[in-house]
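Down below is the structure, laid out as structure tokens.
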Amino acid sequence: MKEDRGGTARTLALLYQGIGVVHARLGNWDEAIDFLKLGHGCFPKFCIGKSAEKIDSHLCSKFCEEIGRVRLDQYFWDERLRQNAQEQENILMESAAFNQESIKYHGRYSTNAILNYAQVAYFKTEIEEAKTFLMAYFEAEMEKKLGISCRSCKRKAGKITDIKICRSCQVVDYCSKAHQALAWRRGRLSHKVMCPFLKRYRLVTKAKNRIDTESFEDIRKDFFETVCVLKYEV
């Protein structure tokens, strides 16, 4: 009975997550957050045994990352915030809190949460912390400690799954051209946006003993000055 309740809770949580993501893509920020928080609250009380705790810990991390990302997207896109500095601050602080929670659950595995928090720190004018987290994101992407898997569907390389690496950055992997195309255009920080930065970081790391290459500082500066631009101020 307890196992059934746990499975039902996780199913319901994922349903709420799906609805929340749809609302976020439509720009319905408050509705998106409401559903994601409902999903986040579904499963912890139904943890049964070590395997369930591991699954729920992963789900907690993903929900926290998702809420942090949606709040950050709202900070970028929501024109209602233009004249409301206090609400901007509240949204930024909530994004920071949930991304920190995601990182706490899964550490260096939460690459998206690390990247999100780097941006939050930048907007909070905590520049050195922003640089540290951005470098941690690049390093985590290079290490691939969770193994080789498709960036879009998370399917891991195996006998029936042929994973291929992005030809440009040579960092991110995909199981098909369709999933690569999906990641290329999906979201504010799509692979189209991040691919050049990952490529530059990889090349600098590979040639770190050469003097004729750019510095990590150049990459960090370009990221913050080109990607971290509030869209409703343009």
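Taking the range 94-187 and the helices (runs of 4 or more DSSP H) fully enclosed by it, the elements with 1 or more residues that are within 12 Å of the chain's Cα centre (by Cα) and of a type in the set (Phe, Trp, Tyr) are at 111-123, 127-143.
In this structure, does ASP173 turn out to be in contact (Cβ under 8 Å) with a residue 24 or more places away in the chain, among the acidic types (Asp, Glu) and in contact with a strand residue (DSSP E or B) (Cβ under 9 Å, 6 or more places away or on another chain)? The answer is yes for ASP173.
Summed over the range 167-194, residues that are surrounded by fewer than 17 Cβ atoms within 10 Å (Cβ to Cβ), more than 20 Å from GLU66 (Cβ to Cβ) and of a type in the set (S, T, N, Q) total 3. Across the range 39-60, the qualifying residues are those that are charged (D, E, K, R) and over 22 Å from ALA97 (Cβ atoms), and the one among them that is modelled with the lowest pLDDT is LYS50.
Can you give me the number of residues within the range 1-38 that are at pLDDT 90 or above, surrounded by 15 or more Cβ atoms within 10 Å (Cβ to Cβ) and among the small types (Gly, Ala, Ser)? Qualifying residue count for the region: 3. Pairs under 9 Å by beta carbon, first residue over 21 Å from ARG186 (Cα atoms) in the range 152-166, partner polar (S, T, N, Q), six or more apart or different chains? These pairs meet every condition: ALA157/SER149; THR161/SER149; ASP162/SER176.
If you go through the range 188-223 and pick out every residue that is over 18 Å from PHE133 (Cα atoms), more than 21 Å from the chain's Cα centre (by Cα) and of a type outside the set (Val, Ile, Thr), you end up with 8.
The values are calculated or read from the model by the stated rules, or taken from the named source; none is laboratory data. As the structure is a computational prediction, the values presented were derived from the model and not from experiment. We place every Cβ from the backbone using ideal geometry, glycine too, and count neighbours over all the protein chains shown.
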